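Have a look at the structure below before the remarks.
The values are calculated or read from the model by the stated rules, or taken from the named source; none is laboratory data. Since the model is a prediction, treat every value here as computed from it, not as a measurement. When we count neighbours, we look across all protein chains shown, and the Cβ atoms used for this are built from the backbone with ideal geometry, even at glycine.
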Amino acid sequence: MSQPSSADPVSVPETSAPQPSYTRLAMRNMVRKGKTSLLHFALTSIGLVAILVGLAYLFH
C-alpha cells in the first residue's frame, strides 16, 4: 500500500480562512441591526412571559 501524495485529486484543498460559525454570523447580524433585534427580543420575551402567566392563571 502506498501513501497518498500531496497532489492526490481526492484530497480536500485547504482554505485560507475557515467559515464563520452560525453564532458568529448571528451576533454580527444582531449588531448590524441593533434596534430591530432588541425590539424582536423584547417582544419575544414579553410574549413568552404572557403565555406562561396566562397558562398559570388558566390552570390554577
(request) Could you look through the range 19-60, keep only residues that are assigned to a loop (DSSP other than H, G, I, E, B) and exposed (fewer than 10 other Cβ atoms within 10 Å of the Cβ), and pick out the one that is farthest from the chain's Cα centre (by Cα)? (result) H60
(message) Looking at S6 and the list (1) surrounded by fewer than 10 Cβ atoms within 10 Å (Cβ to Cβ); (2) modelled with pLDDT of 90 or more, which single condition is not satisfied?
(response) (2)
